[in-house]
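As structure tokens, the structure follows; a few thoughts come after it.
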Amino acid sequence: MVEAVRTVVVRSEQLPRRTFRIFVELEGMYRNVVEQLVLYAVNNGVTKFTRLKAERYREVRSLYPQLPSHYAYTACQDAAERAHSFLRLRRMGRARKAYPEVRGVSIWLDDHLWRVEGLTSISMATHRGRVRVSIELNKHFLRYVNRGWRLATEAKVKLDRRERRLILYLTFKKEVSEYRPKGYITVDVNENAEAVLIDGVVYLLETDLSRITLGYYYRKKRVQERYDRVYGPGSRPERKIFKSLRGNERALKREIRQKLAALIVREAARRQAAIVLERLGKEPAKGMIERIKDPQLRHRVYQAAFKGMQRAIEEKAREYGVPVIYVDPRNTSRVCPIHGAEIVYGKDRHGTCSRGGETWHRDVVACYNLLLRALGGDGGNAPSRVRAFVAVDGGPVPLGPTAAHEPIRISRSLWARWRSLGAINKHEQIRINT
Ligand SMILES: [Zn+2]
């Protein structure tokens, strides 16, 4: 059994000023607690919730005795997580400040601090007792309720001061059983495309994720230069533009990743196949993005295009019960999947097998080698299994005519409209080397 988890955002109705003020006070206390806890945690190298709670619970309770006691728990969890990610960034030399800033606060809730009352309202424990709030039902929320997802007890709340509403981040969970795979779909994640091997065909689905990251980076740089000249560095209008650019960038990438993940996972589920992914490292050491000199930028490209893409696939796979297998990614594009000999690459991601002399596209090689590794891990001897999944056409090369070594390239504007890869027709196929 695996657990699929989704966050759904719902908003409360507009609250009377007096009620809203209670939440503003609550947020203020919560923020203060978290700030102090984070400071303590960072100074003492505490990253575990249990330790932070053991060492600071009394302090926190005495600071605001009127605050329901479970806020001390959730604030410790919140702070431990903030301290953890800050200390990690600092270890990697990417922390920009000496202490993490507690800017955006969402109040963490547990089962003691809130509950659902009927379908349209919740009640929250506050320093002024329980407060009941009506929520606005939305399509997204109802979809999860109706499809057998279970509402989890943990939730987060943010305040929308302009509209005097609460924004609730609810968590839905669902247990799904994974099937036993009857085959494999291998996915080679690249910075601007995803190579997917399905039924002996490699599709190269373009994502442009790295291009988008770089594009926004340069746009922000231009904005910065212009605004710094006019208003001085870090001005308000500049920050405002940054914020909206960041929001747009995030939303666009998220949409791309989720759509593509859904497409791949649906294909896997239909075939009862497992998805094979590369086991990624912690650091953006990938050779393919080494050309990006700025370490922060490199990290962002890696996070969006590699980590983020994998995470989207994992998340979607859990929902459908699709098993995900990880294999060692080392040298997956260096060795010919048929001959086991080195492939010598020229330009355009094309190479020639040093034994068979056949040409290969780098992503096709990677996909087949990932498959071989998955099969090898299945108990078989990998190289001898090559014929098990490749149609032999009598030619000197088991993979057949050279065309089979080319991926079918599909642009984002095309696949983004599909629900399945079956939608491909001949006119839409664009061969790379034509
Ligand atoms: Zn070869």
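Computed about its Cα centre, the charge dipole of the chain is approximately 1660 debye, with only Lys, Arg, Asp and Glu carrying charge at their Cβ. Of all DSSP bridge pairs formed entirely within the chain, close to 85 percent run antiparallel. Defining a contact as two alpha carbons under 8 Å apart and six or more residues distant in sequence, what relative contact order in percent does the chain show? Relative contact order, the chain: 16 percent.
Amide H to amide H, with H built 1.01 Å from N, Ile408 comes under 5 Å of Val202, Tyr203, Leu204, counting only residues 5 or more places away or on other chains. As a length-normalised measure over Cα pairs under 8 Å and 6 or more apart, the relative contact order of the stretch 66-127 settles at 43 percent. Spin-label model, Gln303/Asp110: points 7 Å from Cα along the beta carbon direction are separated by 2.8 nm. Taking Cβ atoms as reference points and 14 Å as the exclusive limit, the residues near Trp108 contribute a net charge of -1, counting Lys and Arg as +1 and Asp and Glu as -1. For the set Lys156/Lys220; Lys139/Lys182; Lys48/Lys156; Lys174/Lys259; Lys243/Lys293, the pairs lying more than 28 angstrom apart at their alpha carbons are Lys156/Lys220; Lys139/Lys182. Working note: Karplus 6.51/-1.76/1.60 with θ = phi - 60° gives the stretch 222-227 the couplings 5, 4, 4, 4, 5, 6 Hz, where Gly and Pro are set to x.
Estimated at 0.36 nm per residue, the fully extended path between Lys220 and Glu342 surpasses their Cα-Cα distance by 39.7 nm. For Ala274, the residues whose modelled amide H falls within less than 5 Å of its own, excluding neighbours fewer than 5 places apart on the same chain, are Lys182, Gly183, Tyr184, Ile185. Short-range pairs are left out: with C-alpha atoms under 8 Å and at least six residues apart, the relative contact order of the stretch 75-184 is 19 percent.
Among Ile343, Ile198, the order by Cβ neighbours within 10 angstrom, fewest to most, reads Ile198, Ile343. Neighbours of Val196, meaning other residues whose beta-carbon lies under 9 angstrom from its beta-carbon, give a summed charge of -3 when Lys and Arg score +1 and Asp and Glu score -1. Among residues other than Arg355 with Cβ under 15 Å from its Cβ, the summed charge is -1 (Lys and Arg +1, Asp and Glu -1). In vacuo Debye scattering of the chain, one point per C-alpha: log10 I(q)/I(0) at q = 0.07, 0.10 Å⁻¹? Results for the chain at q = 0.07, 0.10 Å⁻¹ read -0.46, -0.88. Distance between the modelled labels on Lys48 and Arg419, one decimal in nanometres: 4.9 nm (7 Å Cα→Cβ projection). A simple spin-label model places the labels of Arg147 and Arg162 3.0 nm from each other, with each point 7 Å out along Cα-to-Cβ.
Ranked for footprinting exposure by Cβ neighbours inside 10 Å, fewest first, Met309, Met92 give Met92, Met309.
In terms of the mean number of neighbouring beta-carbon atoms within 10 Å, the peptides 328-335, 3-10 order highest first as 328-335, 3-10. Shown for Val105, Val60, Val145, Val322: other C-beta atoms within 10 Å of each C-beta, ranked fewest to most, produce the order Val145, Val105, Val60, Val322.
Computed from the coordinates by the stated procedures, all read-outs in this text should not be read as laboratory data. Note that the coordinates shown come from a computational prediction; the quantities given were computed from them, not determined experimentally. Here the Cβ is made from the backbone with ideal geometry for all residues, glycine too, and neighbour counts use every protein chain on show.
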